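Read through the structure below, which is laid out as structure tokens, and then see the notes.
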Amino acid sequence: MTVMEQRGGYRPTPPPAWQPRTDPAPLLPDAEPYRVLGTPAAAKADPELLRRLYAHVVRGRRYNAQATALTKQGRLAVYPSTTGQEASEVAAALALQERDWLFPSYRDTLAAVVRGVDPVQALTLLRGDRHTGYDPYEHRVAPLCTPLATQLPHAVGLAHAARLKGDDVVALAMVGDGGTSEGDFHEALNFAAVWQAPVVFLVQNNGFAISVPLAKQTAAPSLAHKAVGYGMPGRLVDGNDAAAVHEVLGEAVDRARQGGGPTLIEAITYRIDAHTNADDATRYRAADEVETWRAHDPVVLLERELTERGLLDEDGIRAVRDDAEAMAADLRERMNQDPVLDPMDLFAHVYAEPTPQLREQRDLLRAELAAEHDDREGTHR
Ligand SMILES: Cc1ncc(C[n+]2csc(CCOP(=O)(O)OP(=O)(O)O)c2C)c(N)n1
Ligand SMILES: [Mg+2]
């Protein structure tokens, strides 16, 4: 007899009494991205903070232009620019305390620089070197991560470990809109929420994952909504409004520090440049879309707020631009020096104890280099 043939027909047993573990309503992001600049909320912003954000955003714009120019001069292999995204980059770095950790993606060199990493060292990996270029412990900036989203579980692990040890440390993990489709994104957010780890996730939604627009990436109402499924709050913020990003991140960092658990923040911004210097963005997006976003430029938003409120004048603007110019000149000069490379370095950090195969390869290379050297000397004599 099948279930359907039972007398009285099939009646499913009622589910056990069920109620949500967490009230989802407070976790939901607002319908509109949070804004400060050009709104009444700006009156409450600290003028010193606004000036500081402005100086860093202008420097960041110049840094992006200079690094892009270096790719054209053959001094840098690749540069994923953050032109248009400087507000999110800068505010992310400034929202942290010195003892906190930043976990950047390949695009976030600017955040690393704002945190104190030397601009030349921050570009080492993108110059084609095999190592990170800076000591991650010096400024508490993890290596720039090229595999999408792998930095997120690293951040959760560090934050959770710090909490177990009783260290007062918050980890900020940065990722792109495309990175939210990776398995690592899921695993990181799930563990972070279950452990209530002191970590903040900042998604810079810049509209594209290389040529893939957000609409082809996700069917979620917003990326911030994804937070609710993990049991953490999601926040939406205007990613070009440095004051808004700083405030939203600051609140999330404070909450994490006080044991309140993780937050997922989606910063809505736009990638003005191509994905990298190796990409042609005109093949997949219209020029007028880019122009619309230029009108919502992070530098202009801050400059307008500061000048209209009498917090910045012509001299102040010039001083900030001169400072940015000096930074760019120094970057140019140092990047134009050829790095001194030792081919034998290839074998130096593979294993603590080199394997017999590696020793053999090392000896072969050494012999070849010596033979080449002798040949050159011979020809010159
Ligand atoms: C695991 C993995 N898959 C694919 C890639 C190739 N890839 C490099 S960047 C990128 C797009 C990422 O877009 P998004 O996360 O939005 O970051 P954005 O570049 O816009 O900052 C892809 C697919 C990669 N680096 N790692
Ligand atoms: Mg993107």
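Values quoted throughout were computed directly from the atomic coordinates according to the rules given, and no laboratory measurement underlies them. Since the model is a prediction, treat every value here as computed from it, not as a measurement. Here the Cβ is made from the backbone with ideal geometry for all residues, glycine too, and neighbour counts use every protein chain on show.
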Return one quarter of the surface area of the convex hull spanned by the alpha-carbon atoms of the chain, equal to its mean projected area, in nm².
30.7
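Report the charge-dipole magnitude of the chain in Debye, nearest 20, computed about the Cα centre from +1 at each Lys and Arg Cβ and -1 at each Asp and Glu Cβ.
Result for the chain is approximately 1000 debye, rounded to the nearest 20.
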Quote the FRET efficiency, to the nearest 0.05, computed for Leu369 versus Tyr284 with a Förster distance R0 of 51 Å and r equal to the Cβ-Cβ distance.
0.65
Give, as ranges by residue number, the residues of segment 267-305 whose backbone N falls under 16 Å from the point 7 Å along Cα→Cβ of Thr218.
267-271
Would you work out which of Ala25, Leu312, Tyr351 lies farthest towards the positive end of the dipole of the chain, given +1 charges on the beta-carbon of Lys and Arg and -1 on that of Asp and Glu, about the Cα centre?
Ala25
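Which value in deg cm²/dmol, rounded to the nearest 500, describes the helix-derived mean residue ellipticity at 222 nm for the chain, given -39,500 (n - 2.57) per DSSP H run of n ≥ 4 and division by the residue count?
My calculation for the chain gives -13500 deg cm²/dmol from helical runs alone.
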Roughly what % of DSSP beta bridges within the chain run antiparallel, to the nearest 5?
10
GNM, the chain, Cα, under 10 Å: largest mean-square fluctuation among His56, His246, His296?
His296
Angstrom value of the Kirkwood radius, inverse mean 1/r, which spans all Cα pairs in segment 133-292:
16.4
How far is the Cα center of segment 208-253 from the Cα center of segment 72-143, in Å?
21
What GluC sites (Glu not before Pro) does segment 64-155 have in DSSP loop regions with at most 13 other beta carbons within 10 Å?
Glu98
One would report the antiparallel percent of DSSP beta bridges in segment 93-235, rounded to the nearest 5, as 15
